[in-house]
Structure formats: structure tokens, C-alpha cells
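Asks: My structure is below; once you've seen it, I'll send some questions.
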Amino acid sequence: MNAWAWLLQRVSAVVLLIALGLHIWFLHFSSGDGVLHFGDIVKRLDTGVFITLDILLLICGLYHALYGLYSIFLDFTSGSKERIVVLTLLVMVGIGFSGFGVYGLLWFR
Amino acid sequence: MSDHLNIRLFRFNPEIDVEPRFEELQVPTFENMAILDVVMHIQNYLDRSLSFRFSCRVGMCGSCALYVNGRPRLACRTQVSALKTQNITIMPLPNLPIIRDLVVDMEPFFEKWKKIKPYYVSRKDIVDPVVVHPDSNEREFIDEMLDCIACGCCYGACSMAATNEEFLGPPALNRAYTLIADKRDAIRVERLKVVDKSYGVWRCHTQFNCSEVCPKNIVPTRSIQNLKKRCVLKKIGVFK
């Protein structure tokens with residue numbers, strides 16, 4: 001853990017607040033009748049702005065959550081070997097889920 | 001207020017006891033009685049073998065910190081009436097090795113102080129006396145944080161110190177900040193390097209446990225957050 005990781009955690013929290021707010025608004029409150037239509041989602045995910053917003057949400061959410069997990073793990077251990085193993089595992093999970101999520105989002109285009 | 005207190009007292013003598021135990025005792029009350037009076041009464045009239053630490057009796061020396069009814073407190077500054085119960089559990093300060101009864105070994109605590117070099121080192125290029133304006137923000141903040149008496153209450157309340165013995169802890173980090181924030185100090189960057197480690201400032205999760213229990217109303221969490229900001233500023237080359 002270092003200054004950059006901590007700063008990114010703070011930045012990702014701010015981005016999450018904004019992106020999550022927009023995401024919930026557009027998903028649940030923007031349609032006139034209040035009902036979620038698959039067609040609307042497909043249409044929305046065909047635009048660059050929404051894809052960027054969702055990718056941002058995905059990456060910031062994953063970073064924020066995985067950094068939090070790593071931070072909790074560090075509270076209970078001081079072994080450098082365990083730290084490297086857990087960090088590698090979390091980075092792999094992060095990259096894997098990011099790739100999977102981005103692929104899912106781009107699939108609508 | 002009742003005329004007596006029901007005391008549940010932590011006892012452990014490593015020369016006799018296999019493991020710690022609790023003793024149930026009754027202590028008569030008097031007006032303005034403090035927890036220190038309770039343990040002194042026990043030692044004077046009920047069991048002379050009870051061990052505990054104290055010195056000044058006025059909240060200045062920081063040696064009588066105990067864990068009273070689930071919270072670290074200074075025994076001399078904690079009024080029995082403030083606890084609002086006649087059932088009182090008295091234990092030694094958490095997160096430190098127990099020497100005997102209510103006495104803990106402060107060595108690990110001060111080892112961490114040593115790591116941050118807790119003394120002022122004057123810059124060579126400045127000529128004393130240096131003018132620090134009395135109402136400057138910097139001065140006010142440092143003055144407030146210098147009230148720390150190293151009693152260990154914050155260390156005993158810190159859940160990070162409880163889970164990881166390498167964590168520097170709130171008092172050492174608070175002390176480090178009072179020196180790093182002082183522009184006259186010659187080894188600010190060196191100090192910042194010591195705290196800019198995984199088991200330095202980055203272990204703090206901003207839970208404010210330390211601030212909650214500080215008998216001097218200091219907020220070490222604020223110092224730690226400021227240290228984190230300084231670490232970031234150092235990375236981008238602003239803090240020199």
C-alpha cells in the first residue's frame with residue numbers, strides 16, 4: 001500500500017458516487033412509465049457516453065472493492081509472501097472481471 | 001449513588017497464575033471518587049499485592065491508563081459517578097503485554113515512538129529564535145496535538161494496533177505529524193519516509209477509536225489523515 005493506491009481509492013470513491021448516481025438514475029428513473037424496457041437498455045448501451053460511464057463504474061467499483069479487501073487482509077498479516085500471493089490473486093480477479101464486464105458492455109454495440 | 005461499588009478486577013501474577021482471572025470485590029464509595037481511588041482502596045485495605053501504575057493523579061503523567069467498563073480511560077480522571085453504574089470492571093490497557101495485574105509493558109509502545117524519531121531536529125540554515133506567528137493555523141494545530149501525554153489510551157482502543165503488532169499506532173503517528181508539520185524541522189522528509197509504509201499511516205482505517213477515547217481530546221486521526229496527504233504531496237514533488 002502506498003500514497004498512489006490511497007489517492008486512487010479516494011478518487012475512485014468520488015467517481016463511484018457520481019457514476020453510480022447517474023447509473024441508478026438512468027436505469028430506474030429516466031423512463032417515463034417507470035418500467036425497465038430491454039429495448040431502452042440496448043439503445044442506451046449503443047452510445048459511447050453510456051458505455052464509457054459503465055466502464056468507469058465497473059473499473060472504479062472493482063478497484064475500490066478489491067483495494068478494500070487487500071487493506072483488510074493487510075490488517076491481519078505481516079508476511080511478505082502472503083501479501084504478494086493475495087495481491088497477485090486480487091489483481092488477476094480485477095483484470096478478469098474488468099475484461100468480462102467490458103466484453104459484456106461492448107457486446108451490445 | 002449507592003454506598004458501595006461492585007468491582008470486577010482483572011488479576012494476573014505470572015509467577016503464580018497459569019492464566020488471568022477476575023476477582024469480585026466490594027468497595028465503599030465517597031464523593032468525587034475516581035477509579036484511581038478505587039484501585040488504591042483495594043490495595044490499601046483489601047489486597048496489598050495488587051499492582052497498578054500511577055504518578056501525578058491529575059491527568060498529566062499518563063501512567064494510570066486502564067480499561068474500565070470496556071473503554072480505555074485515565075484512572076485519575078475518570079469519576080466513578082460518570083460511569084453511571086455501581087458495577088465496574090477494571091482491566092489493564094489492551095494491545096500491550098501484561099506484566100502483572102493492571103500493569104502493562106509499555107516497551108512496544110515506545111519502540112514505535114523511537115521509530116519516528118520523536119525529537120525536534122533544528123535546520124542548520126535557520127537562526128533562532130524563529131518567528132512562528134501565534135495565531136497561524138500551523139501553530140494552532142501543532143499546539144493542540146502536543147498535548148499528548150503518551151498514556152496509551154488511543155493505542156489500547158485502536159483496532160489496527162490490536163490486529164497487527166507492526167502498526168505504528170495513533171500516538172507515534174500523531175507525534176510524527178507535529179514534527180513533520182513544523183517547517184523548522186530538519187528531518188521532515190526522513191520522518192515522512194518512516195510513516196509512508198504499509199504499517200505506517202496506510203494501516204489506519206479512519207475509525208476514530210483513538211480520538212473517541214483520548215483524555216486530552218486530541219484527534220490523532222486528523223494527524224494521520226494529514227500525514228497521508230503529505231505522503232501524496234511528496235510523491236508529486238510538492239512536499240520537500
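Asks: Pairs needed: first member in the stretch A:49-71, more than 13 Å from A:Gly101 (Cβ to Cβ); second member anywhere, aromatic (Phe, Trp, Tyr); C-beta distance under 6 Å; at least 6 residues apart or different chains.
Replies: none
Asks: Look through the stretch B:23-37, keep the residues that are surrounded by 14 or more Cβ atoms within 10 Å (Cβ to Cβ) and touching a strand residue (DSSP E or B) at 6+ places or on another chain (Cβ under 8 Å), and return whichever of them is nearest to B:Val68 (Cα to Cα). Quick ask: steps written out before the conclusion?
Replies: Within the stretch B:23-37, the subset surrounded by 14 or more Cβ atoms within 10 Å (Cβ to Cβ) is B:23, B:25, B:27, B:29, B:33-37.
Applying the additional criterion that residues be touching a strand residue (DSSP E or B) at 6+ places or on another chain (Cβ under 8 Å) yields B:23, B:25, B:27, B:29, B:33-35.
Numbers: B:Glu23: 15, B:Leu25: 15, B:Val27: 15, B:Thr29: 17, B:Met33: 14, B:Ala34: 11, B:Ile35: 8 Å.
So, considering only residues that are surrounded by 14 or more Cβ atoms within 10 Å (Cβ to Cβ) and touching a strand residue (DSSP E or B) at 6+ places or on another chain (Cβ under 8 Å), the one nearest to B:Val68 (Cα to Cα) is B:Ile35.
Asks: Pairs needed: first member in the stretch A:72-92, at the interface with chain B (Cβ under 10 Å from one of its Cβ atoms); second member anywhere, among the aliphatic types (A, V, I, L, M) and surrounded by 11 or more Cβ atoms within 10 Å (Cβ to Cβ); C-beta distance under 8 Å; at least 6 residues apart or different chains.
Replies: Correct list of pairs: A:Leu74/A:Met1; A:Asp75/B:Met160; A:Arg83/A:Leu74.
Asks: With the requirement that a residue be small (Gly, Ala, Ser) and either at positive phi or open to solvent by 70 Å² or more (accessible area, probe 1.4 Å) (or both), what does the stretch A:20-72 give you? Step through it out loud before you land on a result.
Replies: Step one: of the stretch A:20-72, the residues small (Gly, Ala, Ser) are A:21, A:30-32, A:34, A:39, A:48, A:61, A:65, A:68, A:71.
A:Gly32, A:Gly34, listed by residue number.
Asks: Taking the condition closer than 29 Å to B:Leu5 by Cα, part of a strand (DSSP E or B), in contact with an Asp or Glu (Cβ under 7 Å, 6 or more places away or on another chain) and at pLDDT 95 or above, does B:Ile88 pass? Show your work before the answer.
Replies: On the way: closer than 29 Å to B:Leu5 by Cα: yes; part of a strand (DSSP E or B): yes; in contact with an Asp or Glu (Cβ under 7 Å, 6 or more places away or on another chain): no; at pLDDT 95 or above: yes.
No: the conditions fail for B:Ile88.
Asks: B:Lys228: in contact with a Phe, Trp or Tyr (Cβ under 8 Å, 6 or more places away or on another chain), within 14 Å of another protein chain (Cβ to nearest Cβ), within 18 Å of B:Lys115 (Cβ to Cβ) and in a helix (DSSP H, G or I), yes or no? Quick ask: steps written out before the conclusion?
Replies: Numbers: in contact with a Phe, Trp or Tyr (Cβ under 8 Å, 6 or more places away or on another chain): yes; within 14 Å of another protein chain (Cβ to nearest Cβ): yes; within 18 Å of B:Lys115 (Cβ to Cβ): yes; in a helix (DSSP H, G or I): yes.
Spelling it out, B:Lys228 is indeed in contact with a Phe, Trp or Tyr (Cβ under 8 Å, 6 or more places away or on another chain), within 14 Å of another protein chain (Cβ to nearest Cβ), within 18 Å of B:Lys115 (Cβ to Cβ) and in a helix (DSSP H, G or I).
Asks: Within 14 Å of another protein chain (Cβ to nearest Cβ) and surrounded by 11 or more Cβ atoms within 10 Å (Cβ to Cβ): does that describe A:Arg10?
Replies: Numbers: within 14 Å of another protein chain (Cβ to nearest Cβ): yes; surrounded by 11 or more Cβ atoms within 10 Å (Cβ to Cβ): yes.
Yes.
Asks: Please tell me if B:Leu50 is more than 22 Å from B:Pro215 (Cβ to Cβ), open to solvent by less than 20 Å² (accessible area, probe 1.4 Å) and not aromatic (Phe, Trp, Tyr).
Replies: Numbers: more than 22 Å from B:Pro215 (Cβ to Cβ): yes; open to solvent by less than 20 Å² (accessible area, probe 1.4 Å): yes; not aromatic (Phe, Trp, Tyr): yes.
Yes: the conditions hold for B:Leu50.
Asks: Let me ask something else about it. With B:Lys193, B:Lys216 as the choices, which residue is more than 14 Å from every other protein chain (Cβ to nearest Cβ), open to solvent by 10 Å² or more (accessible area, probe 1.4 Å) and not β-branched (Val, Ile, Thr)?
Replies: Details: B:Lys193 fails: more than 14 Å from every other protein chain (Cβ to nearest Cβ).
Being more than 14 Å from every other protein chain (Cβ to nearest Cβ), open to solvent by 10 Å² or more (accessible area, probe 1.4 Å) and not β-branched (Val, Ile, Thr) holds for just one of B:Lys193, B:Lys216, which is B:Lys216.
Asks: What single numbered condition from (1) in contact (Cβ under 8 Å) with a residue 12 or more places away in the chain; (2) open to solvent by less than 60 Å² (accessible area, probe 1.4 Å) fails to hold for B:Thr163?
Replies: (1)
Asks: With the requirement that a residue be under 16 Å from B:Ile99 (Cβ atoms) and either loosely packed, with under 15 Cβ neighbours inside 10 Å or charged (D, E, K, R) (or both), what does the stretch B:53-68 give you? Full working, then the answer.
Replies: First pass over the stretch B:53-68, keeping only residues under 16 Å from B:Ile99 (Cβ atoms): B:53-54, B:63-67.
Listed by number, the list holds a single entry, B:Arg53.
Asks: Quick check on my filter: what residues within the stretch B:147-168 are in a helix (DSSP H, G or I) and under 16 Å from B:Lys114 (Cα atoms)?
Replies: Residues of the stretch B:147-168 in a helix (DSSP H, G or I): B:153-157, B:159-163.
Correct list: B:Tyr155 only.
Asks: From B:Gly200, B:Gly237, which residue is exposed (fewer than 15 other Cβ atoms within 10 Å of the Cβ) and within 14 Å of chain A (Cβ to nearest Cβ)? Full working, then the answer.
Replies: Numbers: B:Gly200 fails: exposed (fewer than 15 other Cβ atoms within 10 Å of the Cβ).
From the options B:Gly200, B:Gly237, the qualifying one is B:Gly237.
The values are calculated or read from the model by the stated rules, or taken from the named source; none is laboratory data. All values reported here derive from a predicted model rather than from experimental measurement. Here Cβ is always computed from backbone atoms with ideal geometry, including for glycine, and neighbour counts include all displayed protein chains. These accessible areas exclude ligands, DNA and RNA; they are computed on the full protein's heavy atoms, side chains included. Shrake-Rupley method; radii C 1.70, N 1.55, O 1.52, S 1.80 Å.
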